[in-house]
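Step one of this worksheet: look at the structure below.
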Amino acid sequence: MKKFLKKILFGQENREMIICYGLARNIRMNIDPRSKTQRLLGLDEREIQKTFKTFARASEIFVDIGASDGYYGLMYYKLHPDGEIYLFDAGYAFAAEQKMNFERNGFSTNRLHNISKYVCDYSDETHAALDTLLEQEPGVIFLKIDVDGGEMEVLKGVTKVLGTRTCKLIIETHSKELEDQCLSLLLQLGYRTAIIPNAWWRFFVPEERPIAHNRWLRAEN
């Protein structure tokens, strides 16, 4: 019944659509309504939108690790068009999709950097540690991390920057153990941290999650 209603309301083609509500309102993206209905309605990870808006407006550099199709890069540009945007995703096809989504909105790609590498604690042809990339970039840095279990490797690769620069972070954690480890490291580096809980209404409008523990933490120094 759920799939049938989606088909009636939105169709079933992967096509350019306009997001109707939320922080990404009026942004155009290539969307499959069968799997991204909540994005169209502004409910996709709605819990972090308030923090995202605050951090985006207060930063000059946005780094999205696990950027996929560039959804958060588009929202950052909408809020801070003069900012520098780094979108990391190891899936090579995403770089072209990210650029296409920027262009279909008339957003400049002059400050957009699409990087098809894994982010971790070392650098080689397919991996990148963020300390090397960001240490020369001026301004406040906003890091959004969603890497399905590699959270600590990402943080270990950017500890120098985290310890010496003004940074803001939103991290999606994928186990309670990883959440505790991330919090411990950030507290050691002098960050103020808080858990962003799942909304109460997720009981009625759940997101499709592969594991039981999926929530976010925020941090700033």
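The values are calculated or read from the model by the stated rules, or taken from the named source; none is laboratory data. Please read these numbers as outputs of a predicted model, since none were measured by experiment. Heads up, the Cβs are rebuilt from the backbone with ideal geometry, glycines too, and the neighbour counts pull from every protein chain shown.
Would a scan of region 203-216 turn up a residue that is surrounded by fewer than 12 Cβ atoms within 10 Å (Cβ to Cβ) and assigned to a helix (DSSP H, G or I)?
Yes.
Any idea which residue in region 11-45 is modelled with the highest pLDDT, counting only those that are surrounded by fewer than 20 Cβ atoms within 10 Å (Cβ to Cβ) and assigned to a helix (DSSP H, G or I)?
Among residues in region 11-45 that are surrounded by fewer than 20 Cβ atoms within 10 Å (Cβ to Cβ) and assigned to a helix (DSSP H, G or I), the one modelled with the highest pLDDT is Gln38.
I'm trying to understand the selection: among the residues of region 13-35, which are charged (D, E, K, R) and either at positive phi or in contact with a Phe, Trp or Tyr (Cβ under 9 Å, 6 or more places away or on another chain) (or both)?
Of everything in region 13-35, just one residue is charged (D, E, K, R) and either at positive phi or in contact with a Phe, Trp or Tyr (Cβ under 9 Å, 6 or more places away or on another chain) (or both), namely Arg34.
Of these, Asn114, Asn101, which one is of a type in the set (S, T, N, Q) and over 24 Å from Val154 (Cα atoms)?
Step by step, each of Asn114, Asn101 is checked, and only Asn101 is of a type in the set (S, T, N, Q) and over 24 Å from Val154 (Cα atoms).
Only residues that are modelled with pLDDT under 95 and of a type in the set (A, V, I, L, M, F, W, C): list them for region 197-221, please.
Within region 197-221, Ala199, Trp200, Trp201, Phe203, Phe204, Val205, Ile211, Ala212 qualify.
Can you tell me which residue within region 189-202, out of those that are in contact with a strand residue (DSSP E or B) (Cβ under 8 Å, 6 or more places away or on another chain) and in a loop (DSSP other than H, G, I, E, B), is surrounded by the fewest Cβ atoms within 10 Å (Cβ to Cβ)?
Here the residue is Pro197.
Pairs only if they're at least six apart or on different chains, beta carbon under 8 angstrom, first in region 185-210 and closer than 19 Å to Ile170 by Cβ and of a type in the set (D, E, K, R), second surrounded by 14 or more Cβ atoms within 10 Å (Cβ to Cβ) and modelled with pLDDT of 95 or more; list them, first residue then second.
Arg192/Ala219; Arg192/Glu220; Arg192/Asn221
Evaluate the following for Ser59: is it assigned by TED's automatic domain parsing to the domain that holds Asp121, assigned to a loop (DSSP other than H, G, I, E, B) and surrounded by fewer than 22 Cβ atoms within 10 Å (Cβ to Cβ)?
No; evaluated as a whole, the condition is false for this residue.
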